[in-house]
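Everything on this sheet refers to the single structure shown next.
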Amino acid sequence: MAAFLLPSCLPSSGRPALSVSRGVSARGRSASVLMASSMEDLDGDADIESKMGKEEVARVRSQELNVSIEEYPEWIREFLVPPIALKKRTDLKKIMVIGAGPIIIGQACEFDYSGTQACKALRDEGYSVVLVNSNPATIMTDNDTADRIYIEPLTIEVLEKIIAKERPDALLPTMGGQTALNLSTRLATEGILDKYDVELIGAKLDAIAKGEDRLLFRSAMEKIGVPCCPSVIVNSLQEADAAAEEIGSYPLIIRPAYTLGGTGGGIAYNPEEYLEIAKGGLDASPVTQILVEKSLLGWKEYELEVMRDGADNVVIVCSIENIDPMGVHTGDSITVAPTLTLTDKEYQRLRDMSIAIIREIGVDTGGSNIQFAVNPDNGDVIVIEMNPRVSRSSALASKATGFPIAKLAAKLSVGLSLADIQNDITLKTPASFEPTLDYIVTKVPRFAFEKFPGASSVLSTQMKAVGEAMAIGRTFRESIQKCFRSLETGRAGWGFDSKKKEFPTKEDLMAALRIPTPERIFYIFNAFELGLTVEEIYDISRYDPWVLHNLRSIYDTGMGLQGRLLEEIGAEELFEMKSMGFSDVQIAELCNVSETEVRQRRKALGLKPVYKTVDTCASEFEAYTPYLYSTYESTSVWGEDIAAGFSSEVPPPSGKNKVVILGGGPNRIGQGIEFDYCCVHACFELREQGFETVMINSNPETVSTDYDTSDRLYFEPLTLEDVVAVLEAEQPDGIIVQFGGQTPLKLAVPLQRYLASDEAKEAGLGHTKILGTSPDSIDAAEDRDRFAAILDELGIRQPANGLATSMAEAKDAADRIGYPVVVRPSYVLGGRGMEIVYDEEELAKYMTADVVVESEHPVLIDRFLTNATEVDVDALADSEGNVVIGGIMEHIEEAGIHSGDSACSLPTVSISYNAMVTIRGWSVALAKRLKVVGLMNIQWAVQGEDVYILEANPRASRTVTSAHYHSRSSRTELLILRH
């Protein structure tokens with residue numbers, strides 16, 4: 001493959017219409033990477049043929065790619081700049097990587113993905129890797145990830161001891177989020193790195209300081225002529241008062257230095273709010289510094305992911321547009337990639353600024369995230385900030401493009417150049433060949449305000465989202481609708497799903513549209529219903545008109561179907577709806593039929609999704625790593641057979657037994673990185689056992705959605721419609737639902753019902769089974785009546801309990817059991833909707849809450865056991881009835897504190913011998929009776945010598961990782977698959 005850098009200053013006269021990927025040459029000129037095999041536009045161009053000659057054109061098109069610069073005509077040769085190749089550093093032997101520590105808002109499992117990628121990349125290059133992290137629920141801390149792993153507190157004192165013991169040659173500070181960056185900065189400034197002769201790689205200390213310190217960053221931008229927002233650096237409350245007077249008007253934006261996720265920051269609309277936020281920001285900043293900015297509320301926000309190597313080659317990996325206007329943290333905003341509403345001139349300006357910024361800041365070997373604000377009225381551009389490290393957006397950009405930023409950044413940090421590194425997906429193009437997208441990626445954040453009733457749901461510059469979902473489609477409409485149903489919040493798309501909020505008056509709606517909240521984009525549906533125009537909604541909300549016109553198109557199309565009979569809808573009309581992202585559930589809602597009826601009607605008309613590859617190059621080269629998304633697409637002309645035009649890129653059968661693993665979807669409180677850990681180990685073990693693995697997930701933050709974790713990755717919503725479509729395309733032997741938490745578990749019964757149907761047999765899925773614990777056993781553990789009968793049969797004690805589907809039933813049950821009682825919905829995870837209720841008034845309040853009203857299952861009511869100690873048991877069972885207890889954990893907090901919020905001790909410290917014998921015996925008996933095949937988590941309450949069962953979950957739990965590290969067994973969760 002001949003890859004050269006073609007500067008954009010190439011004259012327009014005589015310049016071929018090449019298919020190129022833009023980059024920046026080491027000589028500092030804006031440029032494009034010219035791939036010889038991409039010169040498909042040369043045919044028939046007389047001007048080009050006259051300059052290059054027909055034989056040269058023919059030779060390039062025949063892909064004789066061993067082309068040297070000297071072989072090109074002189075007129076083009078002078079513009080070709082070969083990327084400078086570098087040599088890998090041989091003076092480094094051992095490299096230390098610092099992880100991100102526990103999951104917090106703003107710093108979640110995307111750093112497990114980044115850190116895992118970095119460690120693997122460094123080991124692949126022959127370096128010994130020392131990893132330090134305090135979070136055991138990560139793939140990053142697995143035995144196979146690094147040579148030496150320390151699960152220790154992330155403090156300067158601990159890190160110095162590890163450095164003194166291990167004596168690494170270098171420290172890579174950019175893979176563990178703000179935690180690792182701040183710790184690395186302190187290790188350097190306090191002289192610890194110099195003391196032990198450790199070099200910072202990836203980003204030097206001065207680059208970190210210039211990127212993170214607000215004053216240094218502003219000075220650097222002034223030096224290169226990049227405009228910043230009018231602002232004042234503040235180091236005390238007295239300076240804060242002066243800053244507000246200097247800027248002169250509210251609202252004001254407060255941004256603390258050296259923090260993540262906007263921690264400590266916010267928007268102040270008056271002096272009282274300003275002083276409160278300023279004080280919090282100064283306290284949150286490790287250097288006691290905040291930036292007070294003039295408000296840019298209503299401007300458009302964009303991000304560019306930029307990479308630079310040691311030879312000064314620069315590539316723009318991905319451009320990201322925030323759908324929400326400025327004033328909403330990018331982690332809380334709906335975002336799309338690539339940018340959709342920039343003109344080419346505006347994009348090129350942002351690109352040029354990004355290149356100048358990364359060079360001036362001095363990030364010489366790695367990636368950076370640079371954020372801009374653009375005034376929609378006049379096109380003015382202002383740089384907001386830069387992260388001189390791998391970020392949350394880096395993980396999103398990696399999944400959106402198939403370009404593994406963390407992996408490449410790690411390789412660049414040890415001396416390789418972008419031209420040296422091969423693209424894993426195409427196996428032909430180098431990393432200097434920028435990704436090209438022929439699809440639209442949408443990210444929608446997930447929030448947990450239902451967990452904190454007193455918390456404000458108004459979005460600001462401080463991040464509040466706990467997770468996110470990503471979806472891919474051929475159009476923005478398809479992509480965003482898929483993403484809304486990926487959130488698992490009950491939404492089937494944008495509107496038309498019985499989730500619409502009603503507003504008493506038009507004024508109430510318009511007031512809600514002004515305030516940024518997670519639900520605001522859905523209120524646009526109400527606005528269209530009330531007759532508001534795109535222009536009126538734009539004036540109120542500042543959503544870009546292009547976005548609003550696309551939402552209007554979805555609204556008009558849906559309204560055109562409302563109330564019609566399903567059999568009246570023809571193939572062309574149904575195809576249009578599916579290509580706009582409408583789900584079967586939405587269409588069923590509009591036509592007042594079931595989802596199954598819509599699916600069967602659609603298939604009868606020959607309408608099925610096709611699967612396209614995320615290949616980094618818009619199909620210019622063959623992809624060798626199947627990373628797929630669904631779309632509805634046809635190349636046929638209407639009036640002909642629509643199905644004939646479908647083309648899918650699913651690889652042919654390999655001949656191996658094939659297993660589909662359902663992931664956990666977006667992170668949320670109660671279902672996070674621990675379940676991704678289990679899904680990844682499932683893939684690893686199955687591949688070792690000779691199975692072909694297929695992963696379905698929608699979470700861009702995770703290791704499970706890395707393209708090399710499984711044999712095939714489908715970035716799809718975890719809904720019945722989307723999972724069934726993948727099953728019909730893949731024809732697997734089995735499906736595993738027990739590793740992704742409650743999300744796939746809730747699909748077990750509907751999937752079993754589908755697999756038992758004639759429809760599934762006609763689709764070739766008569767042989768496909770749900771592996772592990774059967775859906776019937778899962779239902780037996782979740783169904784309170786069935787579970788109680790099993791406990792009575794085994795003689796296992798449980799607290800007095802009851803079921804209720806109404807307030808009257810709940811009152812009767814609580815009166816019989818006696819207050820206080822624990823109330824919760826069935827089929828939930830992480831204690832969602834669970835409360836301790838002390839009287840009838842609190843019970844009535846609970847029974848009218850949305851979380852209960854929306855549940856399809858009855859409310860469970862249990863006697864609350866006072867002065868009891870909770871115990872968690874993780875067990876593993878095989879299909880022959882063998883049961884192994886992997887760990888028994890004692891909760892430090894009293895019963896009533898959720899297990900996910902309680903500190904635990906493993907092994908137990910205060911449970912009596914007799915109680916432990918009872919717990920072990922009943923755990924084994926219950927696993928056998930439920931015919932568990934795989935993992936099971938059981939929660940017990942101990943009062944003295946009395947043991948009560950609280951609940952049993954026949955699936956992976958959040959404590960599996962703790963049991964794993966305690967037992968030091970590798971992948972015990974998958975042993976059952978050998979039976």
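Of the residues PHE433, PHE496, the single one that is under 26 Å from PHE111 (Cα atoms) and at pLDDT below 95 is PHE433.
In the stretch 534-552, the residue that is nearest to MET577 (Cα to Cα) out of those that are free of Cβ contacts under 8 Å to residues at least 24 places away in the same chain and in contact with an Asp or Glu (Cβ under 8 Å, 6 or more places away or on another chain) is PRO545. Residues of the stretch 418-429 include at least one that is crowded, with 24+ Cβ neighbours inside 10 Å and either aromatic (Phe, Trp, Tyr) or closer than 26 Å to ALA209 by Cα (or both).
Yes/no per residue for (1) of a type in the set (S, T, N, Q); (2) surrounded by 24 or more Cβ atoms within 10 Å (Cβ to Cβ); (3) without any contact (Cβ under 8 Å) to a residue 60 or more places away in the chain:
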position	(1), (2), (3)
ILE95	no, yes, no
VAL132	no, yes, yes
VAL158	no, no, yes
LYS195	no, no, yes
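Of all positions in the stretch 264-285, at least one carries a residue that is in a strand (DSSP E or B), in contact (Cβ under 8 Å) with a residue 60 or more places away in the chain and either more than 30 Å from PRO545 (Cβ to Cβ) or touching a helix residue (DSSP H, G or I) at 6+ places or on another chain (Cβ under 9 Å) (or both). Does at least one position in the stretch 379-390 carry a residue that is surrounded by fewer than 24 Cβ atoms within 10 Å (Cβ to Cβ), touching a residue at least 12 places away in the same chain (Cβ under 8 Å) and closer than 24 Å to THR709 by Cβ? No, the stretch 379-390 has no match at all. Under the condition of being among the acidic types (Asp, Glu) and surrounded by 19 or more Cβ atoms within 10 Å (Cβ to Cβ), the residues counted in the stretch 572-612 number 3. For LEU172, the stated conditions do not hold, so it cannot be described as over 26 Å from the mean Cα position of the chain (by Cα) and more than 20 Å from VAL680 (Cα to Cα).
Just one of the listed residues (LEU159, LEU122) is within 21 Å of PHE684 (Cβ to Cβ) and either modelled with pLDDT of 90 or more or among the small types (Gly, Ala, Ser) (or both), and it is LEU122.
For the residues ALA146, ALA137, the requirement of being hydrophobic (A, V, I, L, M, F, W, C) and more than 27 Å from ALA903 (Cα to Cα) singles out ALA146.
Beta carbons closer than 7 Å, at least 6 apart along the sequence or on distinct chains, pair a first residue in the stretch 505-533 that is over 27 Å from GLY331 (Cα atoms) with a second that is hydrophobic (A, V, I, L, M, F, W, C) and surrounded by fewer than 20 Cβ atoms within 10 Å (Cβ to Cβ) for LYS506/LEU530.
SER236 falls short on exactly one of the conditions (1) surrounded by fewer than 19 Cβ atoms within 10 Å (Cβ to Cβ); (2) touching a strand residue (DSSP E or B) at 6+ places or on another chain (Cβ under 9 Å); (3) of a type in the set (Ser, Thr, Tyr), and that condition is (2). If I filter the stretch 664-678 down to residues being under 19 Å from ALA748 (Cα atoms) and out of contact with any Cys (no Cβ under 8 Å at 6 or more places or on another chain), which single residue comes out as modelled with the lowest pLDDT? Step by step, filter the stretch 664-678, then rank; the result is GLN671.
Scanning the stretch 724-762 for residues that are touching a residue at least 40 places away in the same chain (Cβ under 8 Å) and among the aliphatic types (A, V, I, L, M) gives VAL724, ALA725, VAL726, LEU727, ALA729, ILE735, ILE736, VAL737, LEU745, LEU747. Looking only at residues of the stretch 470-506 that are among the aromatic types (Phe, Trp, Tyr) and touching a helix residue (DSSP H, G or I) at 6+ places or on another chain (Cβ under 8 Å), we find that the one that is farthest from HIS549 (Cα to Cα) is PHE503.
Only strands (runs of 3 or more DSSP E) whose full extent lies in the stretch 669-742 are considered here, and the ones with at least 1 residues that are closer than 24 Å to LYS407 by Cβ and among the β-branched types (Val, Ile, Thr) are 692-697.
The values are calculated or read from the model by the stated rules, or taken from the named source; none is laboratory data. Model, not experiment: these values are computed from the prediction. A quick note on method: Cβ atoms are made from the backbone with ideal geometry, for glycine too, and the neighbour counts reach across all protein chains shown.
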